[in-house]
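The values are calculated or read from the model by the stated rules, or taken from the named source; none is laboratory data. Since the structure is predicted, the reported quantities are computational estimates derived from the model, not experimental observations. Note that each Cβ is placed from the backbone with ideal geometry, even for glycine, and that neighbours are counted across all protein chains shown.
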Amino acid sequence: MGEDGESPKINHSFLRDYVTEADVISTVEFNQTGDLLATGDKGGRVVIFQRETEPKGEPEELGESGEYNVYSTFQSHEPDFDYLKSLEIEEKINKIRWLPQQNAAHFLLSTNDKTIKLWKVSERDKRPEGYNLKDEEGRIKDISTVTSLRVPVLKPTDLMVEVRPRRIFANGHTYHVNSISVNSDGETYLSADDLRINMWHLDITDRSFNIVDIKPANMEDLTEVITAAEFHPHHCHLFVYSSSKGTLRLCDMRESALCDKHSKIFEEPEDPGNRSFFSEIISSVSDVKFSHSGRYLLTRDYLTVKVWDLNMEKGPVETYQVHEYLRSKLCSLYENDCIFDKFECVWNSTDSVIMTGAYNSFFRMFDRETGRGVTLEAWRESSKPRAVLRTRRVYTGGRRRRGDVGVDSLDFTKKILHMAWHPAENIIAIAATNNLYIFQDRVNAENQ
Amino acid sequence: MSGSLSALFDHVSAVGEGNAGMSPMLQAPVILVGWPRRQGVLVSVLWLSTLDFLFGAKHVLQGHQALQRQSLLDMSLIKLQLCHMLVEPNLCRSVLIANTVRQIQEEMTHDGSWHMVTEAFCGTGQSPSERLVATEVLCRSREQDAEPKLFSVISYEGCREEEVVADETLCSVSVSDTVSNVCLAGRMGQCWEKSELSGVERDEEALEDSREDEEVDTEDGASTEGPKTIGQVFGTFEIKNGSPGPDSALEELFSDVDTSYYDLDTMLTGMQSAPKMGPYDLLDSLAPSHSSPSIVSTPNCRSDLNELDHIMEIIVGS
């Protein structure tokens, strides 16, 4: 993928269009097979999309693609009020994580600032008919009218998707939960807030283990908070958490019960040439993701994405500039609070491409093999369904091309914060405030 | 309160829209309530538009650098104090802003450039008490009837710093006599501009010395009582416990400000903890002459305190 080369043919479909604040999407997540895509919004709702498959269940033919249609919608969290502190608790869904599928039902964890919930999503497409004691409407029959006995049979019916809360993990966090991560053991998960990380068992809601606590004895001494945390994809004893100072800490739960002491700490020494008052703020890591292989870490800070090798702590192995042209605008971005925006980052299925969001509805993809990046746009006005997405460019000097966008005309209210990449194919889901865009790479789909 | 606040906002936005050269980024509401109301507002808006240039330019004059640093400091303090929302403030954001404030303060300390700080505020010719209005307005918290408490000096409640920055104690050296402080402030304001009097230089040195002393104390982690110099105000991160000296002009100036929200834990967790000082203690410590007519507080809190006083009198029968 290059800036000037041909873009991959991209197929996309538009699925949602709302205008209210409550419909701003706040998290996007594919499940482990990629057939289901869950989104959470500021209004506390979760919408699950399902990929359409061929009737026979075969993979889609060349040229056709499985589209995602709404599968189920439910209200996950309601606005709450903390009476002790006289503060509202937002119902905004901060994160959704799917559990590995073990039976016909699907399970997902959703969390707002304080409470994590486990939801069971199950289908019902058959119903029993022919009861002896009840009639068709469910009323009890008069027993004297029953003259013969029959066995009820299961008849197909319209598909019904039921979503029920199975566990509610409440009162585990004093501060705002920013991450949840399901362990590879399939039994536990972690939840991280600004100062603490707890480990829960999926079946136990009244207890959790505190595994990291960075709250200082005197809150006046607080200078660093936890920004994200994730379990290792294969090793159930390892997890990583990132901080607002730009450090990553890898912790091994076998070492001690309380993992305040890290096994490894990853930090990049500060570049003295680029030092400014905003150095610390822009070094704050907003998202951290293990690669699928488990060997690398991907982090996003304000201006860059970095790839770290777990075996090398002294610095990242790769650094990609997302929007370096903003470095000279940091003061304005500080003033309008954009500098505190938390962008997510994702790996593709083979760990060869990384993706993250930016402003003006732009998002960036970096090919790790070539080191080159491409800018794409998630904006309805400039693309049509099934049309090829053209690459965009921000003009930063040199020859100006048609379609280049100047730095001063970037729209900082249109930010791409949340995104997900299909675990197996080149399908991406991009959340652009109220809208969800799903893009597919058709060229690669043909080659698969 | 809301009337004056919105009037300030209107003023700011009117200035902003008139400036056609501003980029979209700067069209976000620019809250400059802490600034002096008159030409200071326009000046500061223009400063922001040039701030990006100033921050980016490698070779800047010493004055510019200090100015940009000051602007950043003010912006940060305003951001910290605007965390009084219904929902708990974002802790990460507060921590990052507080760290920035600390960083600026350290740098300003090492540069010894306090004169820039005072020049920015005392140089406009406005009396400090009028600036107090603006800051007090911003520092209203939701609970008007909450008991006033001692408040921590820096970190996660910016209002305190905002008050202090705009306040006359910046211009004062030591706090021993209320009356003399007021006079000193008035004189200082003019002195900084002229910077002629040797008294100014002496005071400046004394200021820096005492500030540096306070810095050392702070690094030792000790919380100090005594004269509230700039260093103490900016440098210490401890919640001040115990009753202040009755001569403390700082305490008296802000005794009627509701400070319950400035307790650190309150700020961060929203929990209202027990006040460290009862309201009656503070009332007792108020010197009769303290309530100088120049301090215009919003009617709410003042009337609450007066009411409290009145009720106390009735109960006590004095």
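Could we say that A:Glu344 is under 17 Å from A:Ile25 (Cβ atoms) and surrounded by 21 or more Cβ atoms within 10 Å (Cβ to Cβ) here?
Yes: the conditions hold for A:Glu344.
Kindly indicate the residue of segment A:364-379 that is outside any strand (DSSP E or B) and out of contact with any Asp or Glu (no Cβ under 8 Å at 6 or more places or on another chain) and also farthest from A:Val394 (Cα to Cα) among those meeting that condition. Steps first, answer last, please.
First, pick out the residues of segment A:364-379 that are outside any strand (DSSP E or B): A:368-372, A:378-379.
Remaining after also requiring out of contact with any Asp or Glu (no Cβ under 8 Å at 6 or more places or on another chain): A:369-370, A:378-379.
Values: A:Glu369: 23, A:Thr370: 20, A:Ala378: 15, A:Trp379: 16 Å.
The selected residue is A:Glu369.
Take the residues in segment A:168-186 that are of a type in the set (S, T, N, Q) and assigned to a loop (DSSP other than H, G, I, E, B); name whichever of them is farthest from A:Glu90 (Cα to Cα).
A:Ser184
When you go through (1) surrounded by fewer than 22 Cβ atoms within 10 Å (Cβ to Cβ); (2) among the aromatic types (Phe, Trp, Tyr); (3) closer than 30 Å to A:Ile168 by Cα one by one for A:Phe277, which number turns out not to apply?
(3)
Which of the following residues is touching a helix residue (DSSP H, G or I) at 6+ places or on another chain (Cβ under 8 Å), modelled with pLDDT of 95 or more and either under 22 Å from A:Asp301 (Cβ atoms) or in a loop (DSSP other than H, G, I, E, B) (or both): A:Asp194, A:Asp203?
Being touching a helix residue (DSSP H, G or I) at 6+ places or on another chain (Cβ under 8 Å), modelled with pLDDT of 95 or more and either under 22 Å from A:Asp301 (Cβ atoms) or in a loop (DSSP other than H, G, I, E, B) (or both) holds for just one of A:Asp194, A:Asp203, which is A:Asp194.
Identify all residues within segment A:271-285 that are within 14 Å of chain B (Cβ to nearest Cβ) and part of a loop (DSSP other than H, G, I, E, B); write none if there are none. Show your work before the answer.
Within segment A:271-285, the subset within 14 Å of chain B (Cβ to nearest Cβ) is A:272-285.
Those that are within 14 Å of chain B (Cβ to nearest Cβ) and part of a loop (DSSP other than H, G, I, E, B): A:Arg275, A:Ser276, A:Phe277, A:Phe278, A:Ser284, A:Val285.
May I ask you to verify whether A:Glu123 is over 24 Å from A:Ala22 (Cα atoms) and either of a type in the set (Asp, Glu) or modelled with pLDDT of 95 or more (or both)?
yes
Checking A:Asp287 against (1) charged (D, E, K, R); (2) farther than 21 Å from A:Ile116 by Cβ; (3) surrounded by 16 or more Cβ atoms within 10 Å (Cβ to Cβ), only one condition comes out false. Which one?
(2)
Do we find that A:Lys306 is at the interface with another protein chain (Cβ under 10 Å from one of its Cβ atoms), within 26 Å of A:Thr375 (Cα to Cα), surrounded by 15 or more Cβ atoms within 10 Å (Cβ to Cβ) and basic (Lys, Arg) in this structure?
no
How many residues are surrounded by fewer than 20 Cβ atoms within 10 Å (Cβ to Cβ) and either polar (S, T, N, Q) or touching an Asp or Glu at 6+ places or on another chain (Cβ under 9 Å) (or both) when one looks only at segment A:95-124?
Residues that pass the stated criteria total 9.
Quick check: anything in segment A:209-223 among the charged types (D, E, K, R), at pLDDT 95 or above, surrounded by fewer than 17 Cβ atoms within 10 Å (Cβ to Cβ) and within 24 Å of A:Pro100 (Cβ to Cβ)?
No, segment A:209-223 contains no residue that is among the charged types (D, E, K, R), at pLDDT 95 or above, surrounded by fewer than 17 Cβ atoms within 10 Å (Cβ to Cβ) and within 24 Å of A:Pro100 (Cβ to Cβ).
Do we have any residue at all in segment A:142-155 that's touching an Asp or Glu at 6+ places or on another chain (Cβ under 8 Å) and surrounded by 13 or more Cβ atoms within 10 Å (Cβ to Cβ)?
no
Out of A:Ser243, A:Ser293, which single residue is of a type in the set (S, T, N, Q) and away from chain B (no Cβ under 14 Å)?
Result of the check over A:Ser243, A:Ser293: A:Ser293.
Mind checking which residues of segment A:181-221 are without any contact (Cβ under 8 Å) to a residue 24 or more places away in the chain and within 14 Å of another protein chain (Cβ to nearest Cβ)?
A:Lys215, A:Pro216, A:Ala217, A:Asn218, A:Met219, A:Glu220, A:Asp221
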